[in-house]
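One structure is given below, encoded as structure tokens.
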Amino acid sequence: MNRLSLTIFAVAFSLLGTAQPSSPSIALIPEPVSVTVQQGVFILPQNVTVGVPEKADLGHTYALLKDRIANTGATVQEQKGNGKASINLVLNKSADNRLGDEGYTLSVTPDQVTVKANKPAGLFYGVQTFLQLLPPQIESVERIDGLRLQAPAVEIVDYPKLGWRGLMLDVSRHFFTVDEVKKYIDNMSRFKYNMFHFHLTDDEGWRLQIKSLPKLTEIGAWRANKVGLFNTFTPPAPDEPKSYGGYYTHEDIRELVAYAKARFINIIPEIDVPGHSLAAIASYPELSCTEGADKYQVRSGEPIMDWSHGAPPIALIDNTLCPANEKVYGFLDKVMTEVAQLFPFPYIHVGGDEAPHNFWEKNPQVQALMKKEKLKTIPQVQAYFERRLEKIVNAKGKKLMGWDEILEGGISPTAALMSWRGEQHGIEASKSKHYVVMSPTQFAYIDYMQGDVSTEVPIYASLRLSQTYKFNPIPEGANAKYILGGQANLWTENVYTMRQAEYMTWPRGLAIAESVWSPLDKKDWNKFAVKTEAFFNRFDAAEIKYSPAIYDPAVSVAKKGDAYLVTLTPEIEGLDIYTSFDNSAPDRFYPKYKEPLQIPKDADELRIISYKGKKEIGRQMTIKVTDLKKRAK
Ligand code: ACM
């Protein structure tokens, strides 16, 4: 975009900004509690002054404002004390009871911007909202010298619904550098997330330096380098170079914790045990009670579980720490000592998911433990393990959280739960007065495909934006008092790069952010869809990758007699869909989709494209007729 059109855009934006409160021209995510649009606009002056409290740790708040505004070529100066600056960040002298610790008020008038909060976190969130009121160019990675950006005059009161607003990133299946993790955290902070769940260990890599257990990162952080579709790879040969991996040193972690804190984000570390522990066992085979574990290698993507019978999986190799081996508890003590020192957050997540039963069932040491401890079932064996682990975690001054499998053999009264296999475990746990974070697969698993399989990296399940948006972290039947909040999880088996991690996270991360922050009655799918499109412009300016899957229709097939009927369902309003069965790429001069399409006899493939008016907006989808027929219900 050239300078002139940018200016026209900014002026058009400001004019739209004076419209009614429901106007989509003000696109804020998450939707605030209350937005009242006023007359006029605030024009960023050439010399911006920012009033900040005399004494307060504002974290990254001022630097964020300064960085973004200076990018427009304006000068930015800090002024201690408040009142007369162009932008004022004010800590309330007496608390505004509506706002709590994270809420804020934001007043934008033609003369001045004022953010008020009880605590610094609220000022940070108020500034994020103010930046969203400015046009997308404020996000630009390139300098936009000379642009006089405008924000609509507005009065906002805002505070979060829930205190735990999280995203999980799996850095075991694929490793992300400190700078990449920082970028992920920074992007979260735009949408008022406050919890980064760091999935640090798994079968595919141990990613945290434990100084007292050096092999965890000398051996456990490295594996054979494979590319393609995870879970389909051949097992690595014993002498195959272990060239893929990495880990975070103690300094790295301290740097990340400080970086997140400055953005009012906590980091909860996850050490996933007793299952998902192959990288630890490859490092210290004595942690297993299965013979031959000394030959085990860090998984490089070869199948190690048989899921064909459902959960729990049948393990093809034993990826569990042995619950009947005292050395395991000594190992966990060392690990938790360092984890507790590195991460200030009160909880440590200890995993607990998907521990297979089949090796434990046959193991004489486990059988002896069951007899000695009067444990009747394998889930009770896991519960024994979790109780001992909780003692270790508590002894380090921390509280234990685990995936919902830890409910099965009897949860300890003080353990907290992260509910992923649907909502029911979370509801149950909350009713029995255990703190719960909701992250159910059907709304919050952002490793699932967000569009048709023809446009996505294939994975076993789908989760479209519209479904993500239905996430209600306080489901019916739950004891709301015990719901800490909600989060989405990004597992990275098939996420090789940070670009793809961004693609998987956005825009679904917008839907989750609104679901955990905004009042239920402020949620509105149609409005959210329009806002999401507005945020695509901001992501473009910031060079953040996102999925445009909302423009691609869902494809379903039904069989009627001998005929196959293909139904295309657009996810958002205002799209025209064009199709071909002649193997050529359709455009808007092809047949427009109006009703289910009958697959012509002998056709080879269906091609699909979406338009908005005259603009091609979706991705060319190509689906073989043989695949379509397999989808028939
Ligand atoms: C999980 O998805 N296995 C927690």
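Total residues in segment 428-459 satisfying the condition of being within 13 Å of the ligand (Cβ to nearest atom), of a type in the set (S, T, N, Q) and either part of a helix (DSSP H, G or I) or surrounded by fewer than 22 Cβ atoms within 10 Å (Cβ to Cβ) (or both): the figure is 2.
State whether the residues of segment 495-502 include one that is in a helix (DSSP H, G or I), within 16 Å of the ligand (Cβ to nearest atom), modelled with pLDDT of 95 or more and not hydroxyl-bearing (Ser, Thr, Tyr). Checking segment 495-502: not a single residue is in a helix (DSSP H, G or I), within 16 Å of the ligand (Cβ to nearest atom), modelled with pLDDT of 95 or more and not hydroxyl-bearing (Ser, Thr, Tyr). Among the residues of segment 68-89, is there at least one that is under 29 Å from LYS161 (Cα atoms), aliphatic (A, V, I, L, M) and outside any strand (DSSP E or B)? Checking segment 68-89: not a single residue is under 29 Å from LYS161 (Cα atoms), aliphatic (A, V, I, L, M) and outside any strand (DSSP E or B). For segment 352-383, filtered to residues that are of a type in the set (S, T, N, Q) and not in a helix (DSSP H, G or I), the residue that is most open to solvent (accessible area, probe 1.4 Å) is THR377. When the residues of segment 332-341 are narrowed to those that are open to solvent by 10 Å² or more (accessible area, probe 1.4 Å) and out of contact with any Ser or Thr (no Cβ under 8 Å at 6 or more places or on another chain), which ends up farthest from the ligand (Cβ to nearest atom)? Only one residue fits best here, namely GLN341. LYS84: of a type outside the set (S, T, N, Q) and modelled with pLDDT under 95, yes or no? Taking the combined requirement at face value, the residue satisfies it.
With a requirement of 3 or more residues that are more than 30 Å from ARG68 (Cβ to Cβ) and open to solvent by less than 50 Å² (accessible area, probe 1.4 Å), the helices (runs of 4 or more DSSP H) lying completely within segment 174-288 that satisfy it span 278-283. The set of residues from segment 76-117 being closer than 20 Å to LEU134 by Cβ and open to solvent by 70 Å² or more (accessible area, probe 1.4 Å) comprises GLN77, GLU78, PRO110, ASP111, LYS116.
In segment 559-594, what residues are closer than 28 Å to TYR469 by Cα and without any contact (Cβ under 8 Å) to a residue 24 or more places away in the chain?
Step one: of segment 559-594, the residues closer than 28 Å to TYR469 by Cα are 566-578, 593-594.
Result: THR569, LYS594.
If HIS425 passes every condition in (1) open to solvent by 40 Å² or more (accessible area, probe 1.4 Å); (2) touching a residue at least 40 places away in the same chain (Cβ under 8 Å); (3) within 15 Å of the ligand (Cβ to nearest atom) but one, which one does it miss? Single failed check for HIS425: (2). Out of (1) within 16 Å of the ligand (Cβ to nearest atom); (2) of a type outside the set (Phe, Trp, Tyr); (3) modelled with pLDDT of 95 or more, the odd one out for LEU407 is which? Among (1) within 16 Å of the ligand (Cβ to nearest atom); (2) of a type outside the set (Phe, Trp, Tyr); (3) modelled with pLDDT of 95 or more, LEU407 violates only (3).
For GLY485, the conditions (1) under 29 Å from ILE623 (Cβ atoms); (2) away from the ligand (no atom under 12 Å from the Cβ) are fulfilled apart from (1). Looking only at residues of segment 410-422 that are within 13 Å of the ligand (Cβ to nearest atom) and assigned to a loop (DSSP other than H, G, I, E, B), we find that the one that is least open to solvent (accessible area, probe 1.4 Å) is GLY422.
The values are calculated or read from the model by the stated rules, or taken from the named source; none is laboratory data. Quantities reported herein were computed from a predicted structural model and do not represent experimental measurements. So basically every Cβ, Gly included, is an ideal-geometry build from the backbone, and we count neighbours across all protein chains shown. These area figures cover heavy atoms from the full protein model, side chains too; ligands, DNA and RNA do not enter into them. Shrake-Rupley method; radii C 1.70, N 1.55, O 1.52, S 1.80 Å.
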